[in-house]
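Remarks on the structure that follows.
The values are calculated or read from the model by the stated rules, or taken from the named source; none is laboratory data. Computed from a prediction, not measured in an experiment: that's the story for all the values here. Reconstructed Cβ throughout: ideal geometry from the backbone, glycine too, with neighbour counts over all protein chains shown.
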Amino acid sequence: MTFSIYLYGLVGTLILAILTWLVSLVKRDVSIVDSMWAVMIFASAFIYSSSMEPYWNRSSLVLTLVLLWALRLTVYITWRNWGESEDARYQAIRRKYEPNFALKSLGIIFVFQAVLAWIISMPLWIALTVPFEYSIFDTLAVTLWMIGMFFESVGDWQLARFKMNPANRGKVMNQGLWRYTRHPNYFGECLIWWGFFLFVIPPGAWWSILSPILLTFLLLKFSGVTMLEETIVDRRPAYREYIASTNAFIPGPPKHIKTSSRPEERIS
């Protein structure tokens, strides 16, 4: 394990970020960066694994898990955003940083996300470049990854299916996994990265806990729950009832609340 290999991962993410930024200039839509998030992390993982001799099955397992996660997430986000206008979050950022947002977006959106992706890939750098014997932590890591993939993929599928039904227009999604947490996909993503961290406990790389902690913070306080729900509540006040009755992140039983006597439509 050498730090130079880790730096190669940063170079890879930055190259992808710049190329994606150039595409966003043509499209006048920076939402494309969302589709590249998992690609940047997988690119880093591929660079790490390519720098080592593929002589142990464990590295193949880790790289396969990263590939499956990245492929599913990239395909889903690309499909979800296809033909849509720029995400409301990015529209707000665009208004804030005008004029010359096109140039500023390279740093505040694309390079910023590339650096975040590189930092979050830290456990992958260790897991893919340090050979060590199988341990119970590998089983725990795969188990946590599988639970996380279940929440993330099923949550995304349930929401997509709900939105495709015209009868659900204007309603809130509070069925399936969404009955127990307002963000089952974010919860699943969090579990996946805590799972990757478990892979690197045996060699003593505790300091790489920065990766899942950072991701958890981003999902809860930065680009995930907080930012998303601020825009929803501002546009659709009826969403407050769903917030009051359902856990934001960790799944739990729905809370029983008094509903207003005034008929107010639930909105997703």
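Worth a mention:
Matching residues to (1) in a helix (DSSP H, G or I); (2) among the small types (Gly, Ala, Ser):
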site: GLY9; (1), (2): yes, yes
site: THR13; (1), (2): yes, no
site: THR20; (1), (2): yes, no
site: ALA43; (1), (2): yes, yes
site: VAL66; (1), (2): yes, no
site: SER85; (1), (2): no, yes
site: GLY107; (1), (2): yes, yes
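- All conditions in (1) of a type outside the set (A, V, I, L, M); (2) more than 24 Å from PHE42 (Cα to Cα); (3) out of contact with any Leu (no Cβ under 7 Å at 6 or more places or on another chain) hold for GLN158, with the sole exception of (3).
- When region 148-176 is limited to residues that are of a type in the set (S, T, N, Q) and modelled with pLDDT of 90 or more, the one that is nearest to LEU191 (Cα to Cα) turns out to be SER153.
- Breaking point among (1) out of contact with any Phe, Trp or Tyr (no Cβ under 8 Å at 6 or more places or on another chain); (2) without any contact (Cβ under 8 Å) to a residue 60 or more places away in the chain; (3) within 23 Å of LEU7 (Cα to Cα); (4) buried (at least 16 other Cβ atoms within 10 Å of the Cβ), for ILE47: (1)
- Of everything in region 16-44 that is in contact with a Lys or Arg (Cβ under 9 Å, 6 or more places away or on another chain) and crowded, with 21+ Cβ neighbours inside 10 Å, the residue that is farthest from PHE110 (Cα to Cα) is ALA38.
- Selection within region 75-116 - loosely packed, with under 14 Cβ neighbours inside 10 Å and charged (D, E, K, R): GLU84, ARG95, LYS96, GLU98
- Tally of residues being part of a helix (DSSP H, G or I) and in contact (Cβ under 8 Å) with a residue 40 or more places away in the chain across region 160-176: 4
Here's the yes/no breakdown for (1) over 17 Å from the mean Cα position of the chain (by Cα); (2) on the phi > 0 side of the Ramachandran plot; (3) basic (Lys, Arg):
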| site | (1), (2), (3) |
| --- | --- |
| GLY107 | yes, no, no |
| ALA141 | yes, no, no |
| LYS171 | yes, no, yes |
| THR181 | no, no, no |
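- Residue selected from region 223-244 under the condition surrounded by 13 or more Cβ atoms within 10 Å (Cβ to Cβ) and outside any helix (DSSP H, G or I), by the criterion farthest from the chain's Cα centre (by Cα): ALA238
- Beta carbons closer than 6 Å, at least 6 apart along the sequence or on distinct chains, pair a first residue in region 177-195 that is under 15 Å from LEU220 (Cβ atoms) with a second that is surrounded by fewer than 23 Cβ atoms within 10 Å (Cβ to Cβ) and of a type in the set (Asp, Glu) for ASN185/ASP156.
- Exactly one residue out of ARG72, ARG80 is within 28 Å of ILE201 (Cα to Cα), under 15 Å from the mean Cα position of the chain (by Cα) and in a helix (DSSP H, G or I): that is ARG72.
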